[in-house]
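Notes for the one structure printed next.
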Amino acid sequence: MAREQGRSWTEIGRALGVTKQTAWARLARVVAEGKTKIVEEVGNGEVLVRSKDDITAGDGAKHDVIDGKAAASTRTTGNIFRLLERHGIPTHFVNGVDDVTFRAREVEMIPLELVARRYATASFKDRFPDLVDGALLDEVVFEVFEKDDANHDPLLEFDFDASVLRRYVPNDKAAEAIGPVARAGDFISEEPLGESRYADVSPELIARLRSRTVSTFEVIENAWKQQGGVYIDVKIECGFDRESGELLVADVIDSDSGRLRFGEIDMSKQSYRDGTATLPEIKRKFDEVAALTDRFV
C-alpha cells in the first residue's frame with residue numbers, strides 16, 4: 001500500500017526499522033529485472049520502473065556503474081514521455097515518483113526492438129558498407145530486431161506473403177562473435193512464422209509499430225533540432241496495456257536509446273560503446289542531456 005501511495009523504500013525501511021535495501025529485498029514485488037532497470041508491481045494495473053546506475057554495451061559484455069546515471073536516465077525518460085504524450089503518442093508513463101523511479105502502466109511487452117533512423121551509421125552502416133558514414137537517408141528507415149542478447153539481437157524480416165520469419169546478422173560485432181567468415185547483413189536462418197515466437201505478429205501490428213516508432217523518432221528529432229542537436233536514430237519498445245489492450249510506447253527512452261550529436265560531439269551512449277570517453281565524461285553528458293530535456297516540457 002505504501003508503494004502504491006508513492007512512498008520510497010527509504011521511508012518504508014525507516015518505518016520498519018531496517019535499511020531501504022533490506023525492506024526492498026523482503027517486500028518488493030519484482031516482475032522484471034534487466035541490466036539497467038527493475039520493474040516492480042504495485043497494483044491497480046501499474047508498475048514502478050526503477051533505473052540502475054549500471055551502464056552496459058555489447059549485449060552486457062561491457063559493464064560499469066556510474067553514480068547518478070540512474071537519476072539522469074529517469075529525468076530524461078520522464079521528459080521525453082511527457083513530450084510524446086503532448087504530441088498524441090500514447091506511452092506507459094504515468095508520473096515521476098523519485099529521482100530514479102517513475103510510475104507506469106503495466107504492459108505486456110512485445111519482444112522486439114524497434115528502430116527508426118535518419119542517417120546511415122552504426123549497425124546500418126555495417127550492413128551497407130558502401131554508404132558514407134553519417135549519410136542522410138532518403139527517408140526514415142524502420143527496422144525490427146529480436147530481443148535476444150545471447151544471439152546478438154538479430155535483424156528480423158517478417159515475410160507475411162511466404163509466412164516466414166528470417167534472421168540476419170545485425171552488425172559487425174555480432175559477425176565477429178559468430179565466426180571469421182560472417183558479415184553484417186548475412187542471412188542466419190528462417191522458420192515458419194507460425195512456429196516462431198512471433199506467431200501472433202500480423203502485418204497490421206507491424207504497420208502500427210512502424211507508424212508508432214517513426215512518429216516517436218520524428219517528435220524527439222524535432223525537439224532536439226530546436227535545441228541545436230541532431231538526432232540520428234532511436235530504439236524503442238512497445239507493449240499492450242494489460243487492462244485496456246492499448247498499444248503503448250514503453251520501457252525507457254534516455255541517452256541509451258538514441259544517438260544524439262551537437263556538431264561533432266556525441267552526447268549519447270555511443271562514446272561509452274566506442275571507449276572514446278571516460279566514465280566521468282559520460283556521466284556529464286547524461287546530466288547535460290537530462291537538463292536539456294527539461295526544455296521539452
Tally of residues being free of Cβ contacts under 8 Å to residues at least 12 places away in the same chain and closer than 23 Å to ASP133 by Cα across segment 229-247: 0
Looking only at segment 40-92, and only at residues there that are of a type in the set (Gly, Ala, Ser) and closer than 21 Å to SER8 by Cβ, the one that is farthest from the chain's Cα centre (by Cα): GLY43
Residue in segment 248-264 that is free of Cβ contacts under 8 Å to residues at least 40 places away in the same chain and among the β-branched types (Val, Ile, Thr) present: no
Qualifying positions in segment 206-238 - over 18 Å from the mean Cα position of the chain (by Cα) and hydroxyl-bearing (Ser, Thr, Tyr): none
Residue count for segment 177-196, restricted to those that are modelled with pLDDT of 95 or more and surrounded by 12 or more Cβ atoms within 10 Å (Cβ to Cβ): 10
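Pick from ARG14, ARG26: which is surrounded by 13 or more Cβ atoms within 10 Å (Cβ to Cβ) and either at pLDDT 80 or above or assigned by TED's automatic domain parsing to the domain that holds LYS52 (or both)? Outline the logic, then answer.
Details: ARG26 fails: surrounded by 13 or more Cβ atoms within 10 Å (Cβ to Cβ).
The conditions single out ARG14.
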Contacts under 9 angstrom Cβ, first residue in segment 119-134 being closer than 18 Å to ALA57 by Cα, partner among the polar types (S, T, N, Q) and at pLDDT 95 or above, 6 or more apart: ALA122/ASN171; SER123/ASN171; PHE124/ASN171; ASP126/ASN171
Extreme residue, nearest to THR76 (Cα to Cα), among residues of segment 265-294 that are basic (Lys, Arg) and without any contact (Cβ under 8 Å) to a residue 60 or more places away in the chain: LYS285
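The values are calculated or read from the model by the stated rules, or taken from the named source; none is laboratory data. This structure is a prediction, so every number in the text was calculated from the model and none was measured. Methodologically, a virtual Cβ is constructed for each residue, glycine included, from the backbone with ideal geometry; neighbour enumeration extends over all protein chains shown.
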